[in-house]
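Inspection log for the structure reproduced underneath, given as structure tokens.
Please treat every number below as a calculation from the coordinates, not as lab data. None of these values were measured; they are calculated from a predicted model. Quick reminder, even Gly has a Cβ in these numbers, built from the backbone with ideal geometry, and neighbours come from all protein chains shown.
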Amino acid sequence: MFFASDNGGPAAPQIIDAIAAANTGYASAYGNDDLMESVTQKIRTMFEAPEAKVYLVATGTAANALGLATLTQPWQTIYCHRVAHIEEDECGAPEFYTNGAKLGLVNGVDGRMDPAALESAINYTARAGVHNVQKGPLSITNTTETGTVYTLDHIRALTKIAKSAGIPVHMDGARFANALVSLGCTPAEMTWKSGIDVLSFGGTKNGCIGVEAVVLFNPDLAWEFELRRKRGGHLFSKHRYLSAQMDAYLTNDLWLKLATQANDMSAYLAQEIANIDGTSFVHPTEANMIFASWDRAGHRRAQNAGAYYYFWPSDHSLDGDDDEKLAARLVCNWATTKDDIDQLIHHIKG
């Protein structure tokens, strides 16, 4: 009954097998291996972007921070949602890798940035010339940190504002596959066709051991990114083990199959939670994360039986009034089963 994060799920067998297969003989280092060439061609094909540059790093934080640093000057601000991962969960990495750029926090319901709020933030930044931090890139997270998904129209509304202001757009796609499955669109439609310039394309949360791709739809950014990746300590010597993961992830649509399983289990869990008297949802369930609330007694029974998930916010306790409603975040991954969910629901109900 593990629902704390998709980070905690196992790696898919195909990923393990691919690493083992890559562990034979010799291969060129630093991304010059044959598997990386395969990865690049697969990503260019699936994104309909033959000129795109593709780079691999081991963590989502590195992908976001290095990608944003390539778009940002130290005196600029990066516009993001108030609860974006780059704001709440990356320990200042974007600020560090950009050499001091600021994060400009933008409001919006259910983790999705409001276009009017973004426009207001950009206008405010530009109000007083040299005395103010300057306009920098927009960063959108899809799937959002609250488990919701930006529609294509919503993405395009935001990128239109950004382009009108002359600023580039980054997408944090740590759960890109989950958002794509939810929308039923193509990778190109959710990215460059909707105004995205740089994508952090996630694998770690969706069945890989540790690999993320940075996709630069503007190849002119490539050399600077390569320098920043090396200078920042994220250019792997034995790169083939990153390449092997991503190559297997993209083979036979494995990445979409794993995300579909996670989303389907999340939908089933949301349905079962909804059938419990007194429960409510904090945010809509649109991908593989659920934010729901029920009484403390139900939480106590579930967690004492071994269920693992986070309260949301995280400062709640199992001690206290049995009837008090407490919110939780529950995340499904590709390995989550109906049996896991049925056990959890059984203990919540008591």
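At most 16 other Cβ atoms within 10 Å and a DSSP loop assignment: could you name the chymotrypsin sites (Phe, Trp or Tyr not before Pro) in the range 1-51 that fit? Hits after loop and neighbour filter: Y26, Y30.
Helix screen, the chain: DSSP H segments with Cα axial length of 27 Å or more and mean Kyte-Doolittle hydropathy at least -0.5 are 254-274. The longest part of the chain holding none of the exposed loop GluC sites (Glu not before Pro), meaning those outside H, G, I, E and B in DSSP with at most 14 other Cβ atoms within 10 Å, is 52-323. For the pair the range 187-236 / the range 5-32, the C-alpha centres are spaced 18 Å from each other. Each of (i) 36; (ii) 20; (iii) 28 is a candidate for percent of Cα pairs over 37 Å apart; the one calculated from this structure is (ii).
Evaluated at 20 °C with a viscosity of 1.002 mPa s, what Stokes-Einstein diffusion coefficient in µm²/s does the range 1-140 have when Rh comes from the Kirkwood expression over alpha-carbon pairs? The Stokes-Einstein estimate is 118 µm²/s. Quarter the surface of the alpha carbon convex hull of the range 255-349 and you get the mean projected area, 5.7 square nanometres. Between the C-alpha center of the range 287-350 and that of the range 251-271 there is a gap of 20 Å. Between the listed residues A213, A165, S266, the Cα displaced farthest toward the positive end of the dipole of the chain, a dipole computed from Cβ unit charges relative to the Cα centre, is found at A165. Among D319, D114, D220, the largest mean-square fluctuation in a Gaussian network model of the chain, built with springs joining Cα atoms closer than 10 Å, belongs to D319. Computed from point charges on the beta carbon alone (+1 for Lys and Arg, -1 for Asp and Glu), the dipole magnitude for the range 12-252 about its Cα centre is near 360 Debye. Of T151, T59, T251, which has the largest mean-square fluctuation in a 10 Å C-alpha GNM of the chain? Checking each option, the largest mean-square fluctuation is seen for T251.
Note on the range 43-98: Cα convex hull, mean projected area over all directions, 4.8 nm².
Comparing H299, H170, H131 in a Gaussian network model of the chain where C-alpha atoms under 10 Å apart are linked, the largest mean-square fluctuation is found at H131.
Note on the range 115-256: Cα-only Rg and Dmax are 16.7, 53 Å.
For K163, the aspartates and glutamates whose Cα comes closer than 12 Å to its Cα, not counting residues fewer than 8 places off in the same chain, are E119, D197.
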